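*Asks:* Below: one structure in structure tokens.
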Amino acid sequence: MPKQTVDEMWEQMLTGSYPRLQRMRKMWGALPSPPRCKLCNAPFRGPGGAMMRAIGYGQSPLNRRLCKWCTRAVHKHPGGAEVDISVMFADVRGSTGLAEHMEPEEFSRLMSRFYGAAADMIDEHDGIVDKFVGDSAIALFLPGFAGEDHAADAIEAARDLVEKTGGDSSEPWIPIGVGVHTGRSFVGAVGEGDARDFTALGDTVNTAARLSALAGPGEILISCEAGEVAGIETGGLERRTLEIRGRDQKVDVWVSRAQPIRS
């Protein structure tokens, strides 16, 4: 049997079909308690977390969403694969104006609260926090971890985040707009040396970012591709056709807010 290539290993890992990772996720999943490594499911807290730290699977200081073992594996086997994923971008509306009228420390506390709320909602729906950049939270929903419902999970995480930030009321404690898109992306260990990180690249990520920039406060712009994969109930949702900067083709979206989306 020919030796498996690194790219084949990445594809199996990202789609949930890598045998070794399946065994590890099942084994570590039986140990308490969350939060857990997004790749191998190793617990970071409770008795299980203490045991993981003792054998070198503790939370990585380089990427706190992964354990030390998985971080080493990512750096040891650079590469990735093209897979279908869902991406959620959440962007604070009017952050420049907010910062202008707040003390720097007060604004920092506000953004920290937003990052914490975003991380909680993303984790709750089996997503991975890709990064926090300025006034944005970026999350990846991969079939290997979120399952076939990755698009629905991304949309529900967006809905819950809008609700968590008060977007379902007339006075949110921080106004956000969210974009969700589903499509093909390159996912893996990107970069060189110490600058290598686990992330996703491609049009899917860029489109989700553009959608979040076009979403009004409390709005979730769901691409029709994401909506179709998620099987959302579109009755009562507004449909828009948007021109995306830097993209030749227009994007059709459904406009949702803090409300149930599964059919």
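*Asks:* Looking at Thr234, is it within 30 Å of Arg72 (Cα to Cα) and in contact with a helix residue (DSSP H, G or I) (Cβ under 9 Å, 6 or more places away or on another chain)?
*Replies:* Working: within 30 Å of Arg72 (Cα to Cα): no; in contact with a helix residue (DSSP H, G or I) (Cβ under 9 Å, 6 or more places away or on another chain): yes.
It is false that Thr234 is within 30 Å of Arg72 (Cα to Cα) and in contact with a helix residue (DSSP H, G or I) (Cβ under 9 Å, 6 or more places away or on another chain).
*Asks:* Continuing with the same structure: Kindly check whether there is at least one residue in region 26-35 that is under 27 Å from Val180 (Cα atoms) and touching a Lys or Arg at 6+ places or on another chain (Cβ under 9 Å). Let's see the steps before the verdict.
*Replies:* Just the residues of region 26-35 that are under 27 Å from Val180 (Cα atoms), to begin with: 34-35.
Then keep just the ones that are touching a Lys or Arg at 6+ places or on another chain (Cβ under 9 Å); that gives 34-35.
Yes - at least one qualifying residue is present in region 26-35.
*Asks:* Assuming Arg159 fulfils every condition listed in (1) surrounded by fewer than 24 Cβ atoms within 10 Å (Cβ to Cβ); (2) at pLDDT 95 or above; (3) charged (D, E, K, R); (4) under 23 Å from Ala226 (Cα atoms) apart from one, which condition is it?
*Replies:* Failing condition for Arg159: (1).
Conditions (1) out of contact with any helix residue (DSSP H, G or I) (no Cβ under 9 Å at 6 or more places or on another chain); (2) open to solvent by less than 20 Å² (accessible area, probe 1.4 Å), marked per residue:
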residue	(1), (2)
Thr71	yes, yes
His77	no, no
Arg93	yes, no
Ala117	no, yes
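*Asks:* Report, by residue number, each residue of region 123-137 that is touching a helix residue (DSSP H, G or I) at 6+ places or on another chain (Cβ under 6 Å) and in contact (Cβ under 8 Å) with a residue 60 or more places away in the chain.
*Replies:* Val129 - this is the single residue of region 123-137 that is touching a helix residue (DSSP H, G or I) at 6+ places or on another chain (Cβ under 6 Å) and in contact (Cβ under 8 Å) with a residue 60 or more places away in the chain.
*Asks:* Can you name every residue in region 82-96 that is of a type in the set (D, E, K, R) and in a strand (DSSP E or B)?
*Replies:* The first filter runs over region 82-96 and keeps only residues of a type in the set (D, E, K, R), leaving 82, 84, 91, 93.
Matches in region 82-96: Glu82, Asp84, Asp91.
*Asks:* Separate question: Among (1) farther than 28 Å from Glu11 by Cα; (2) buried (at least 16 other Cβ atoms within 10 Å of the Cβ), where does Gly58 come up short?
*Replies:* Among (1) farther than 28 Å from Glu11 by Cα; (2) buried (at least 16 other Cβ atoms within 10 Å of the Cβ), the lone unmet condition for Gly58 is (1).
*Asks:* Moving on to the next point. In region 62-74, how many residues are at pLDDT 85 or above and part of a loop (DSSP other than H, G, I, E, B)?
*Replies:* 1
*Asks:* Only one of these is of a type in the set (Lys, Arg) and either under 22 Å from Leu66 (Cα atoms) or crowded, with 18+ Cβ neighbours inside 10 Å (or both): Arg240, Arg210, Arg184, Arg245. Name it. Step through it out loud before you land on a result.
*Replies:* On the way: Arg240 fails: either under 22 Å from Leu66 (Cα atoms) or crowded, with 18+ Cβ neighbours inside 10 Å (or both); Arg184 fails: either under 22 Å from Leu66 (Cα atoms) or crowded, with 18+ Cβ neighbours inside 10 Å (or both); Arg245 fails: either under 22 Å from Leu66 (Cα atoms) or crowded, with 18+ Cβ neighbours inside 10 Å (or both).
Just one listed residue meets the conditions, Arg210.
*Asks:* From the list Met9, Met51, Met24, Met13, which one is touching a Phe, Trp or Tyr at 6+ places or on another chain (Cβ under 7 Å) and assigned to a helix (DSSP H, G or I)?
*Replies:* Numbers: Met51 fails: touching a Phe, Trp or Tyr at 6+ places or on another chain (Cβ under 7 Å); Met24 fails: touching a Phe, Trp or Tyr at 6+ places or on another chain (Cβ under 7 Å); Met13 fails: touching a Phe, Trp or Tyr at 6+ places or on another chain (Cβ under 7 Å).
Answer to the check: Met9.
*Asks:* Taking the condition of being among the charged types (D, E, K, R) and surrounded by 22 or more Cβ atoms within 10 Å (Cβ to Cβ), how many residues in region 129-155 meet it?
*Replies:* 1
*Asks:* While we're looking at this one, here's another question. Restricting attention to region 169-181, which residues are of a type outside the set (A, V, I, L, M, F, W, C) and open to solvent by 50 Å² or more (accessible area, probe 1.4 Å)?
*Replies:* Taking region 169-181 as the starting set, the residues that turn out to be of a type outside the set (A, V, I, L, M, F, W, C) are 169-172, 175, 177, 179, 181.
Ser169, Ser170, Glu171, listed by residue number.
The values are calculated or read from the model by the stated rules, or taken from the named source; none is laboratory data. Nothing here was measured: the structure is a model prediction, and the numbers come from that model. Because the Cβ atoms are built from the backbone with ideal geometry, glycine has one as well, and the counts that use them run over all protein chains shown. These accessible areas exclude ligands, DNA and RNA; they are computed on the full protein's heavy atoms, side chains included. Shrake-Rupley method; radii C 1.70, N 1.55, O 1.52, S 1.80 Å.
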